[in-house]
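Report on the structure given below.
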Amino acid sequence: MAQVVNPIYDTVFKYLMQDEKVAKVLIGNILKTKVVSIQMNNNEYSAMLPDGKKIFKLDFSATILDKSGKHQLVHIEVQKALEEGEIMRFRSYLGAIYMDQTKKYQESIKNPKTNEETIVEHPLPIHSIYILGHELGDGLDKSVMHGENIFRDEEGNIIQIPANNDYINGLTHTITFVIAPLTKKNVKTHLDRLLTIFSDTAPNSQFIELDEYYDDSDDYRTIMRVLQKASADKQLRGDLDLEQYAWNNQIKMERRISEMGIKLSQMDEQLSQKLAQLSQKEALLTQQEAQLTQKDAQLSQQEAQLTQKDAQLSQQEAQLSQQEVQLSQQKAQLTAAIKALSTTNSVAQIAQIMNISQQQVEEILKS
């Protein structure tokens, strides 16, 4: 067993892929083709995102053998991510490649009749390789999955697209997923054995142990030689320490953010409870105010009724006073008439004339 640096780290992975032989071996086996030549472009991208996810991207220009055995210039994009959730970022990288006007090659075509040469531009075919440190879900238990441009007619028959058809091949691309955690679970092929070097996805394992004779092919020995060379490189090991330091700090920060989020969530819950209590108290006060308003209305109604009764009593008193006045006037008139009649008539005659009793006449005359 040999102890070597872990190629799941960006620093090691880049060191590994910068070696032309290793790049040919890995990419050629993953794409199931022969890589004639390959060159890494100077547009790598590495980032630790705010949510703790770590991604890495390398671009290559390569010449491969197509299905017919002819040389074909292609663009190869290798992206690596250890955690889920980077689909939109992967799409943005892919979109940038489609928009890149430099991803093309020129071909000189001679007119057989005139011997004139015409320069024709072709879009570079795109091959995307995603090395993932996580599984893709239920039912997807293969360590390597290839997606190709497959077209069918209305009957479902596969239509073979010629390799030189720029229109269709320029608007589509092939894609390969390498599921690193599964590379050791079902090792059957030569490619499976090569990809086991990515199986240890733990971010705290700078070194891993690999069997130097796990695969006796030249491809495996080529990768092992470069990994052993990388393990002895002081500059690389220093960069690896810095990468892990940044990674660990990011993980710590992510944990702190998570803990702060939990505390904030608890505070939000407490605040929500207090707000609910306040709302309950406000509802109770509103209910009490409504009851007081109702009582005030009842009192106002009772006061109005009392006022109306007072007015009725006053009216009755006025009527009684008026009746008393009338009675007094009638009594005075009666008295005056009786006294006037008494000068010439007897009590009996007066009683008969006035239609009252003799006793009443006598009482009036006495008064």
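Brief remarks follow.
- Yes/no for residue 259 being modelled with pLDDT under 85 and closer than 22 Å to residue 56 by Cα: no
- Filter result (hydrophobic (A, V, I, L, M, F, W, C), farther than 14 Å from residue 214 by Cβ and surrounded by 13 or more Cβ atoms within 10 Å (Cβ to Cβ)) within the stretch 164-203: 175, 177, 178, 179, 180, 182
- Every pair of residues 6+ apart whose Cβ atoms lie under 7 Å, when the first sits in the stretch 64-80 and is more than 25 Å from residue 179 (Cα to Cα) while the second is acidic (Asp, Glu): 72/66
- Residue match in the stretch 71-79 (condition: assigned by TED's automatic domain parsing to the domain that holds residue 23, modelled with pLDDT of 75 or more and either loosely packed, with under 13 Cβ neighbours inside 10 Å or in a loop (DSSP other than H, G, I, E, B) (or both)): yes
- Test: residue 163 is touching a Phe, Trp or Tyr at 6+ places or on another chain (Cβ under 6 Å) and in contact (Cβ under 8 Å) with a residue 12 or more places away in the chain: no
- Among the residues making up the stretch 322-362, a single one is among the charged types (D, E, K, R) and loosely packed, with under 11 Cβ neighbours inside 10 Å: 324.
- When the test is whether a residue is over 26 Å from the mean Cα position of the chain (by Cα) and either surrounded by 18 or more Cβ atoms within 10 Å (Cβ to Cβ) or at pLDDT 85 or above (or both), residue 126 passes it.
- Residue that is farthest from residue 222 (Cα to Cα), among those in the stretch 187-206 that are outside any loop (DSSP other than H, G, I, E, B) and among the charged types (D, E, K, R): 192
- Flag: residue 314 does not match the condition of being touching a Leu at 6+ places or on another chain (Cβ under 7 Å), surrounded by 10 or more Cβ atoms within 10 Å (Cβ to Cβ) and not acidic (Asp, Glu).
- Selection status of residue 175, assigned to a strand (DSSP E or B), closer than 30 Å to residue 241 by Cα and hydrophobic (A, V, I, L, M, F, W, C): no
- Filtered residues of the stretch 111-146 (kept if closer than 30 Å to residue 179 by Cβ and assigned to a strand (DSSP E or B)): 123, 126, 127, 128, 129, 130, 131, 132, 144, 145, 146
- Members of the stretch 19-52 found to be hydrophobic (A, V, I, L, M, F, W, C), surrounded by fewer than 19 Cβ atoms within 10 Å (Cβ to Cβ) and at pLDDT 85 or above, listed by number: 31, 36
- Checked against (1) of a type in the set (Val, Ile, Thr); (2) modelled with pLDDT of 90 or more; (3) closer than 24 Å to residue 180 by Cα, residue 55 meets all criteria but (2).
- Selection status of residue 184, assigned to a loop (DSSP other than H, G, I, E, B) and touching a residue at least 12 places away in the same chain (Cβ under 8 Å): yes
- The lone exception for residue 245 - which of (1) assigned to a helix (DSSP H, G or I); (2) closer than 30 Å to residue 95 by Cβ; (3) among the hydroxyl-bearing types (Ser, Thr, Tyr) it fails: (2)
The values are calculated or read from the model by the stated rules, or taken from the named source; none is laboratory data. Nothing here was measured: the structure is a model prediction, and the numbers come from that model. All Cβ positions, glycine included, derive from the backbone under ideal geometry; neighbour counts span all protein chains shown.
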